[in-house]
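Report on the structure given below.
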Ligand code: SF4
């Protein structure tokens, strides 16, 4: 499976060429709302999980032949990108190849380490997430690696925001009945005062989560939370740009044929169709919105099936 995917449309970044620097579900967290699946390797150990020699030639090839529009080159994917210990080398090498801005989507849990902060210094935009401020809520919503403490993570984010010269957009994912209490939101507002941010982006569970009990809040609740978090805070709108540029009917047809036969997981679809999970998710979300497929969690794994076949 290639570590490079897209360009895929993203709600925030336009058309984004994705780079996945770790193997499937290698992450320091196991968030209840994760759309990729349960974390199978929960770790804070940084190493060269995917060699930069396996990533850079692919990027170079795409950029040389570039036909499609690319608004951002984005580190994201099926786990936590900063767990890869060669982020700096990869970012610097891409900078030499193209002037396309580089974004890093991170759960921010390793930014308390000076060496991890240093790795991201040449990026243009970093989007860390922070879903909780109290330890108890952190454990509930993010199910972190046992060594992680939320106070230390917030201090790390604050240090990073003082050192980093690019833009920082903080993403907060609100899960109904888990991290949406007025007390937790007030604590959140206080904690983020010490982080230098360009934007705060409020999100909720709009894509099928790994845990069925991770439910979204409604728009009215999000608006209330936005008022508490202040003027930099915005609710992330659905992606609105026409998507014909990326949507391939052969892939859609392949997915529909697959889900018609038997319920399949995201990983099954990604492997069978040869596209990255993050790309497959875009198709599945469209098919779900069009009411063509059903999703169901069974023994901790989400399955997709054809609507009229069940
Ligand atoms: S949502 Fe992101 S940080 Fe959370 S488990 Fe999934 S990949 Fe890891």
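The values are calculated or read from the model by the stated rules, or taken from the named source; none is laboratory data. Just so we're clear, the structure is a prediction, and the values are computed from it rather than from any experiment. Positions of Cβ are generated from backbone atoms using ideal geometry, with glycine treated the same way; all protein chains shown enter the neighbour counts.
How about the range 116-222: which strands (runs of 3 or more DSSP E) wholly inside it have at least 3 residues that are within 16 Å of the ligand (Cβ to nearest atom) and modelled with pLDDT of 95 or more?
125-128, 167-174
Is it the case, given these coordinates, that residue 82 is at pLDDT 95 or above and either under 12 Å from the mean Cα position of the chain (by Cα) or not in a loop (DSSP other than H, G, I, E, B) (or both)?
Answer is yes for this residue.
Kindly indicate whether residue 105 is assigned by TED's automatic domain parsing to the domain that holds residue 183, modelled with pLDDT of 95 or more and surrounded by 21 or more Cβ atoms within 10 Å (Cβ to Cβ).
Against the criterion (assigned by TED's automatic domain parsing to the domain that holds residue 183, modelled with pLDDT of 95 or more and surrounded by 21 or more Cβ atoms within 10 Å (Cβ to Cβ)), residue 105 qualifies.
Go through 32, 44, 19, 90 for me and flag whichever is away from the ligand (no atom under 16 Å from the Cβ) and either at negative phi or not assigned by TED's automatic domain parsing to the domain that holds residue 278 (or both). Reasoning before the result, please.
Values: 32 fails: away from the ligand (no atom under 16 Å from the Cβ); 44 fails: away from the ligand (no atom under 16 Å from the Cβ); 19 fails: away from the ligand (no atom under 16 Å from the Cβ).
The conditions single out 90.
Can you tell me which residues in the range 196-210 are buried (at least 19 other Cβ atoms within 10 Å of the Cβ) and touching a residue at least 60 places away in the same chain (Cβ under 8 Å)?
201, 205, 208, 209, 210 - these are the residues of the range 196-210 that are buried (at least 19 other Cβ atoms within 10 Å of the Cβ) and touching a residue at least 60 places away in the same chain (Cβ under 8 Å).
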